[in-house]
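**Student:** One structure, pasted below without further comment.
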Amino acid sequence: MLFSFILIDKPDHGALRQKERPAHKEYLGQVAGQIAFAGPFVHDDGQTMLGSLLVIDFPSRAAAHAWLADEPFTRAGLYASTTVHAFNNLWPQRAGFPPAA
């Protein structure tokens, strides 16, 4: 089942995000084949980070929460709030996605 992760950073934690980013990307790489989409929320300037939106396939809500608990940004205390919802993707994606690597 797909689970959406809505993860909002604490204010003024950009340096922490940059420090933990390599570990975060490595951790995401462990579930790369399960990721429907992932990327940062940004301010209207298109650059300043606000948080993250991830949609990842997990066998259960418990597995999704266990994954989030060990995620490097979570462990580092970056997030002000985290929300996890089951998600049904019903729309064929045509916009906003980078070309396949």
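Quick note: the coordinates plus some simple rules give every number you see, no bench work behind them. Just so you know, these numbers come straight off a predicted model, no measurement behind them. Here the Cβ is made from the backbone with ideal geometry for all residues, glycine too, and neighbour counts use every protein chain on show.
**Student:** Pairs please, first residue from region 33-50 and over 26 Å from L2 (Cβ atoms), second anywhere and small (G, A, S), Cβ atoms under 9 Å, 6+ apart in sequence or on different chains.
**Tutor:** Listed pairs, sorted by first residue: T48/G14.
**Student:** Residues of region 77-101 being without any contact (Cβ under 8 Å) to a residue 24 or more places away in the chain and under 15 Å from L28 (Cβ atoms), which ones?
**Tutor:** P98, A101 - these are the residues of region 77-101 that are without any contact (Cβ under 8 Å) to a residue 24 or more places away in the chain and under 15 Å from L28 (Cβ atoms).
**Student:** Identify the residue in region 2-31 that is of a type in the set (D, E) and in a helix (DSSP H, G or I) and, among all such residues, is nearest to P72 (Cα to Cα).
**Tutor:** The qualifying residue nearest to P72 (Cα to Cα) is E20.
**Student:** While we're on this one: Taking the condition of being loosely packed, with under 14 Cβ neighbours inside 10 Å, among the small types (G, A, S) and in a helix (DSSP H, G or I), how many residues in region 39-67 meet it?
**Tutor:** The number of residues fulfilling the criteria is 2.
**Student:** Shifting gears a bit: State which residue is surrounded by the most Cβ atoms within 10 Å (Cβ to Cβ) when the search covers only region 68-101 and only residues that are polar (S, T, N, Q) and either part of a loop (DSSP other than H, G, I, E, B) or in contact with a Gly (Cβ under 6 Å, 6 or more places away or on another chain) (or both).
**Tutor:** This residue is N89.
**Student:** Name the single residue that is farthest from F37 (Cα to Cα) among those in region 53-73 being under 11 Å from the mean Cα position of the chain (by Cα) and in contact (Cβ under 8 Å) with a residue 60 or more places away in the chain.
**Tutor:** My answer is F73.
**Student:** Go through region 57-76 and give me each residue that's more than 13 Å from H24 (Cβ to Cβ) and either out of contact with any Phe, Trp or Tyr (no Cβ under 6 Å at 6 or more places or on another chain) or of a type in the set (D, E) (or both).
**Tutor:** D57, P59, S60, R61, A62, A63, H65, A66, A69
**Student:** So, in region 37-73, how many residues would count as being of a type in the set (S, T, Y) and farther than 25 Å from F97 by Cβ?
**Tutor:** Going through region 37-73 one residue at a time, the tally reaches 1.
**Student:** Could you list, in sequence order, the residues of region 12-38 that are among the acidic types (D, E) and either touching a Phe, Trp or Tyr at 6+ places or on another chain (Cβ under 9 Å) or closer than 28 Å to N89 by Cβ (or both)?
**Tutor:** E20, E26
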